[in-house]
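What follows is a short report on a single structure.
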Amino acid sequence: MEQTRKKFLKNFLIGATSVPLILEACKKDAVVTGTGSSSGSGSGSGTGSGSCTVAPTETAGPFPTITPSSLVRSDIRGDRTGVAFTLNITVKNTNNNCAALAGAIVDIWHCDKDGYYSEYGGTGMQSVNYTGVHFLRGRQTTDANGLVSFTSVFPGWYSGRATHIHVHIYNAAGTSLLITQIAFPEGSGSAVATVNGSGGTAYGYTKGMTGYTYNAADNIFSDDTAGVEIATVTGSLSAGYILTHTINAAA
């Protein structure tokens, strides 16, 4: 019964009028279009960079990249503005003692400073229509050290979710290895609190933290009691922030 409850909560996001659409989009067996389609099934259990076990599997929905193979780029900003943000993601192979996984394909996507996703909109899930643009989505291939880097803007947040990044990893042949999400550190002095504080208004972040869903209450991250999905984030408003995170996958 508890497992059923957790799966329901993970599939439930926000907006009572949008529940049927959201549940459909967040189904754990939803196929993600791109090089190497995959199910996003999983319980969210597991361990990430802290030990040599596969990182938690999470849902790709409800806003996965529609055609990720067409978005091979490291600068994913498009026309979006906000606090400068660099993502450095290292992929390791649990089937090789967590050695760096070179040649892996890594897709990422996240919302803009206002909490909106490109490629979607005009529905109950997202009122603003961004179906014709592709900002804050991109694909890179890991180097010899298993590293990919992206240039972006610091993501905002929306009701029901903590600040997060979506990641889909494939092997070099395009076979899906893992769909997961990255969480952010929280609390006083954190990047999340600073960007959404008074200093962030100069960069267009106007929501503040009222109504924010913290990791402990987030339907995706709440069972990550070890904090393995939480990245390291350093930097400042003026210099920009750098996210560093290691994801273990079975290749």
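The values are calculated or read from the model by the stated rules, or taken from the named source; none is laboratory data. Computed from a prediction, not measured in an experiment: that's the story for all the values here. Positions of Cβ are generated from backbone atoms using ideal geometry, with glycine treated the same way; all protein chains shown enter the neighbour counts.
From the list A251, A191, the lone residue that is within 15 Å of K113 (Cβ to Cβ), small (G, A, S) and modelled with pLDDT of 95 or more is A191.
Which of the residues belonging to the stretch 105-118 are assigned to a loop (DSSP other than H, G, I, E, B) and surrounded by 20 or more Cβ atoms within 10 Å (Cβ to Cβ)? Scanning the stretch 105-118 gives H110, C111, D112, K113, Y116, Y117, S118. Within the bounds of the stretch 154-162, is there any residue that is in contact with a strand residue (DSSP E or B) (Cβ under 6 Å, 6 or more places away or on another chain), closer than 15 Å to D114 by Cβ and hydrophobic (A, V, I, L, M, F, W, C)? Scanning the stretch 154-162, I find at least one residue that is in contact with a strand residue (DSSP E or B) (Cβ under 6 Å, 6 or more places away or on another chain), closer than 15 Å to D114 by Cβ and hydrophobic (A, V, I, L, M, F, W, C), so the answer is yes. Restricted to the stretch 142-251, the set of strands (runs of 3 or more DSSP E) holding at least 3 residues that are free of Cβ contacts under 8 Å to residues at least 60 places away in the same chain and surrounded by fewer than 19 Cβ atoms within 10 Å (Cβ to Cβ) comprises 232-236.
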